[in-house]
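A short write-up of the structure that comes next.
The values are calculated or read from the model by the stated rules, or taken from the named source; none is laboratory data. Quick caveat: nothing in here was measured; it's all calculated off a predicted structure. Virtual Cβ from ideal backbone geometry, glycine too; neighbours counted across all protein chains shown. Accessible surface areas use protein heavy atoms only, side chains included; no ligands, DNA or RNA. Shrake-Rupley method; radii C 1.70, N 1.55, O 1.52, S 1.80 Å.
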Amino acid sequence: MLDFVVIFTKGGVVLWHSNASGSSFASCINSLIRGVILEERNTEAKYFEEDNLAVQFKLDNELDLVYAAIFQKVIKLNYLDSFLADMQLAFKEKYGDIPATERLGGDYDFDREYRRVLSAAEEASAKQVKAPKAMRSYNESQKSKKTVASMIQDDKKPVEKRVNIQESPPPSKAQQTPSPPASMDDIIRENRRKLREKLTPTKKTSPGDSKPSKSTASEKAGKKPRVWDLGGNSKDAVMLDRSKDAPEDVQYQNINSELVGTMQGVIRDLDVESEDEAEDEQESSEEEEEQLQSRKSKKSGGLLSYFKGIVGAKTMSLADLQPALEKMRDHLISKNVATEIAAKLCDSVATSLDGKQMGTFDSIASQVKEALTQSLVRILSPKRRIDIIRDALESKRSGRPYTIIFCGVNGVGKSTNLAKICFWLIENDFNVLIAACDTFRAGAVEQLRTHTRHLNALHPAAKHDGRTMVQLYEKGYGKDAAGIAMEAIKFAHDTRVDVVLVDTAGRMQDNEPLMRSLSKLIKVNNPDLVLFVGEALVGNEAVDQLVKFNQSLADYSSNENPHIIDGIVLTKFDTIDDKVGAAISMTYITGQPIVFVGTGQTYADLKAINVNAVVNSLMK
């Protein structure tokens, strides 16, 4: 089931593993460390795949350890989450007190605990899996017991009497005697009798009571006088008795004569105590008691309890981190970071800080900011070397031109930044051939011709031993871009040109025919470098552009290992002030570095990205 289980530090030092044949899984663990843990990519998934193997892992931020289990991808193990959590607890109980400085050189005997935790997890998983219910045979079913005679309905056969189980209690064993079947007339009479009993009201009388007389019945039928309970004279009640047949004017006069000056008694206040008020008083008394006890505990704690409240040694949880992460995510979005990328960055920071202890006098906000800063620096730092000068010199020594292809959407500045890179290469003493492969846009060839003339004016052949530093290879409009690029590379090889810069037409990432032609151009010519030119002004659009460009180059290529984007040229970087989030979005998606940054309108306005400056702009 489990092929390999290992416990190692985030730096890659193995502390313990399950068996001695772990060398066969070393490449998978190294890929996990490089691609996920160090770069903090998709750490919220806790799942990683490579070839036919799958790795499920758990991070322990308190001890800076990783618990990983390797198994075959086709196998689904439901108990891995609980197994890794129990293994973490068992390892922490046994070796959690070892200092971090002594942790790397220690000898860890964890085999017995590992087998115990694994067997417990497998047994718990086996109990949860229910065995499938066996199907009944035909002879066991109710259908097999039915006959043709039982399915024929006879109108002469008496209808069985239905019994309401809820109304009548079940009969006792003595009463369970077979009774003769009742006829239809008997059932009708019984139902009529029950209906009469329901309609006629019943009055419960005691055995000693007698039937009321007619006089008492007449008295009850009359209207009773109202009795006032809050005081007053008895004459008032007599005067207010309107049940007698007295004339209205006589009653009115008697009331006026009798009521004047005869009102006695005092109206008492109604002392009504509701249940809500009683509950409120009880709750207030309980709160006062709790406050009094808390004051006593604070007094007993004294100065030590005060320092315990403000000093660190607190373990951070996801609930504690969530408010600060939400504010940080909104801050990143305001800095032009794509919404999806900002959410993933905050999730990776939450995963890296969950369970970690805060330092003395540290706050959660400072911890989140520090972790996010480190994550952004890792994302922007190049994962592989891209040294165009060194690679061009090696190609020159081998007798072939160094080829760079520029691609991107419409209007991002491919031709302009191609001219800036050409100027930078000339400054480093390379002669360049520009291949005009944008055979679609009107004026594209004329634009490159103008750049060629200006660059040759800045660097004339007289300053470079008679060499023409910039040449333009163009075949007009409407031609096959892949064929023009192939011819340009062959021409550069024959004339011993150092570098070939291929300009392509701008295309939207959803245009399938143009993306197929770009994939064909890259496949046929096999360039040394493919640079994606993107704007620094875009946010969420950068994610869609890069994902679909990479996907199209991979899908529409017939090569087993297709050539996708190698680096990014970020243009119009001087127009965004401190909203530099597009650099994070583009680098996070492809994992490729930003090679050049275009800032101004002159040929010299081409710079390398300053990682610390970009991160500081994002975090301020």
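Each residue of the range 461-472 was assigned a 3J(HN,Hα) from its phi angle through the Karplus expression (A = 6.51, B = -1.76, C = 1.60, θ = phi - 60°), giving 5, 5, 7, 10, 6, x, 8, 7, 6, 10, 10, 10 Hz with x at Gly and Pro. In order along the range 496-508, phi translates into HN-Hα couplings of 6, 8, 6, 10, 10, 10, 9, 8, 10, 6, x, 8, 6 Hz, rounded to whole numbers, per the Karplus curve 6.51 cos²θ - 1.76 cosθ + 1.60 with θ = phi - 60° and x for Gly and Pro. Taking 28 Å as the limit for the C-alpha separation, the pairs Lys369/Lys579; Lys396/Lys548; Lys548/Lys579; Lys356/Lys607; Lys46/Lys572; Lys490/Lys548 exceed it in the case of Lys396/Lys548; Lys356/Lys607; Lys46/Lys572; Lys490/Lys548. When only DSSP loop residues count, what GluC sites (Glu not before Pro) in the range 526-620 have their Cβ near at most 13 other Cβ atoms within 10 Å? Of the GluC sites (Glu not before Pro), the ones in loops of the range 526-620 whose Cβ has at most 13 other Cβ atoms within 10 Å are Glu560. So if I take the centroid of the Cα atoms in the range 331-355 and the same for the range 421-473, what is the distance between those two points in Å? Measuring centre to centre over Cα atoms gives 43 Å. Measuring nothing but how far apart in sequence close Cα pairs (under 8 Å, 6+ apart) lie, relative to its length, the range 360-465 scores a relative contact order of 14 percent. The residues packed around Gly600, meaning those with a beta-carbon under 11 Å from its beta-carbon, carry a net charge of +1 if Lys and Arg are +1 and Asp and Glu are -1. Accessible area of Thr200 (1.4 Å probe, protein heavy atoms only, ligands and nucleic acids ignored): about 80 Å². The order of Tyr47, Tyr114, Tyr67 by accessible area, most exposed first and with a 1.4 Å probe, is Tyr47, Tyr114, Tyr67. Ranked by the mean number of other Cβ atoms within 10 Å of their residues, highest first, the peptides 1-7, 365-371, 501-507 come out as 501-507, 1-7, 365-371. Among the protein heavy atoms, those of His17 account for about 80 Å² of accessible surface (1.4 Å probe, every chain in place).
Backbone amide hydrogens, once placed in the peptide plane, bring Leu15 within less than 5 Å of Ile7, Phe8, Thr9, excluding anything fewer than 5 places away on its chain. Exposure check, 1.4 Å probe, all protein chains in place: Glu512 carries approximately 90 Å² of accessible surface.
Rolling a 1.4 Å probe over the protein heavy atoms gives the range 313-410 an accessible area of 47 Å² per residue. 3J(HN,Hα) along the range 191-199: 5, 5, 4, 5, 5, 5, 5, 6, 7 Hz, from the Karplus curve 6.51 cos²θ - 1.76 cosθ + 1.60 with θ = phi - 60°, whole Hz, x for Gly and Pro.
Residues whose amide H lies under 5 Å from that of Tyr402, counting only those 5 or more places away or on a different chain, are Val499, Val500; hydrogens are built 1.01 Å from N in the peptide plane.
Scanning residues 5 or more positions from Leu472 or on other chains, those with amide H under 5 Å from its amide H are Ile434, with H placed 1.01 Å from N in the peptide plane.
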